[in-house]
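Coordinate-derived values only; no laboratory data. It should be emphasised that the depicted structure is a prediction, and the values quoted were computed from it without experimental measurement. Heads up, the Cβs are rebuilt from the backbone with ideal geometry, glycines too, and the neighbour counts pull from every protein chain shown.
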Ligand code: KDG
Ligand code: MG
C-alpha cells in the first residue's frame, strides 16, 4: 500500500478544527486531528508545506518508522505545532491499519481491558447553587464523576463559565482578539471550599468530584488548596500549578494527599517524566493530538503504569471527534486507564461534519466495532464552515498583571 495524497482541511463548525486526511492507492484513507486552539493555521502550514511532501509514496503500515522520521528526522523536535502535526499523521495511519485489517484500533493495541469508558462531565455555574443544579442534571443522566467549576463572587467572568455567552466566539464579539478575564487567588481561595462542601452535602460521598485550577496557583498555594479539599475526597485536582518546573509537584506532594492531575498541554513524555517517575502526580491528562498521536500515548500509558499513575485524557471541545475517538480506543485498552473528560458529543454543526461510532449510556462511552478509528469526515459539510480566527481568553490579576490561563 502507498500513500497517494495528503489533505489538510481547516474548518469551523462551531470551533476551528484542523483535519488531516491521508489517502492510499488501495482506496483506504485515514483521518487525524491536528487542532491547536488559537494557532490553527500554523499547524496547517506545517503539515501542508513540510510534512505532506515527505509522506507521498510511503507505506502507511510503517507507523513507527514514519513517526521516528517526523520526530528524530527533523532538527526541531517537540513543541505543540510539530507534535500536533505528527499526532495527526500517526492517528491517520492507525486508522488506515485498522481499516486494512478490518479491526477497530483498540484490537490492534491489545484488545479491551473494560467494556466501556467511564467519563467525567462538566458542571460550570455562575454561582455555587447553579453549579450544583448542573451537577444534578449530570447525575440524573447517570454520570458517576463530575468536574465542578463555579464563578467567583466579585470577579467578572471565570474560566469555563461563559455567563450568557454560548462559546468563546461569542465572548470575542466583533473583535476577534483574546478576551481578557480577571483573576484573584484570594477571592478564589475564599470561596472554593464551600463549593465542595455543598456538593458533598447535596450528593453524598459516593459520587466522584474533580476540579480544574487552570494553573492559577503557586506550589505552596496548591498545597494549601489540597489540604483544604482533602476531606471532600476529590478524584483529582487538575492543573493546580503550571509545571514547566516539574519539581513544583514535589512541593505539593509534601503538603497534601489530594490526588493531582496534569498534562493537557504537554507534547512529549519529557514534559512530565520527572513527575511520573517520582510519583508526584496521580493522573496524566495528555491528548493524542498534542502528544504526537496514538503511538506515544501508548508508551506514556505503559511508562505511567509503572509508577501508579493512571490516564485521564483531555476531552475539551477544541479536540476534534477524531482525537476523541483515538482516546476511546486507547481508553478501552490501557490497563491503567483512569477516566475520560467529556463535554458532550459535539454540536449540531460539528455533527454535520464528523460522524462517529460511539454511544453514551449512564456516564460511559461504548465503542462500536467499525474498523480503524470509526470516525468519518464530510468534506462538503466542512466546506460550509470556513475557518474563523479565534482565541481563548487571557487572564489578568485585578491590577492588570498578566496571569496564567
Ligand atoms: O478550550 C480550552 C480547553 O482546551 C482547555 O483549556 C479546557 O482546561 C480545560 C479542560 O480541562 O478541558
Ligand atoms: Mg484542564
C-alpha center-to-center spacing [the range 261-325, the range 70-125] in angstrom: 11
Inter-label distance, nm, simple model (7 Å from Cα along the C-beta direction), residue 185/residue 278: 1.9
Footprinting exposure proxy for 70, 397, 103, 225 (fewest neighbouring C-beta atoms within 10 Å first): 397, 103, 70, 225
Antiparallel bridges, percent of DSSP beta bridges restricted to the chain (to nearest 5): 50
Highest-fluctuation residue, 155, 229, 31 considered, GNM on the chain with Cα pairs under 10 Å: 155
Computed E for residue 42/residue 201 - FRET, C-beta separation, R0 60 angstrom, nearest 0.05: 0.80
Mean separation of Cα contacts under 8 Å, 6 or more apart, over the residue count of the range 284-398: relative contact order %: 22
Global form of the range 108-370, assessed from the alpha-carbon gyration tensor, a/c cut-off 1.5: rounded
Length added when fully stretched, residue 402-residue 177, from 0.36 nm per residue minus Cα-Cα: 79.4 nm
Folded to 0 to 90 degrees: helix 294-305 orientation relative to the chain principal axis, Cα: 40
Length gained when the stretch residue 75-residue 257 is fully extended (0.36 nm per residue, less Cα-Cα span): 61.4 nm
Degrees, to the nearest 10: 321-333 long Cα axis against longest axis of the chain: 80
Pair residue 130, residue 362: separation of 7 Å Cα→Cβ label points (nm): 3.3
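In terms of the Cα gyration tensor, with a ≥ b ≥ c the square roots of its eigenvalues, is the range 3-104 rounded because a/c is under 1.5, prolate because a/b exceeds b/c, or oblate? Don't skip to the end; give the middle numbers.
Details: a/c = 1.81, a/b = 1.24, b/c = 1.46.
Since a/c reaches 1.5 but b/c is at least a/b, the shape of the range 3-104 is classed as oblate.
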Length-normalised contact order of the chain in % [C-alpha pairs under 8 Å, at least 6 apart]: 22
0 to 90° range, to nearest 10: angle between helix 128-141 axis and the chain longest Cα axis: 50
Cα gyration tensor category, rounded, prolate or oblate, for the range 22-168 with a/c compared to 1.5: oblate
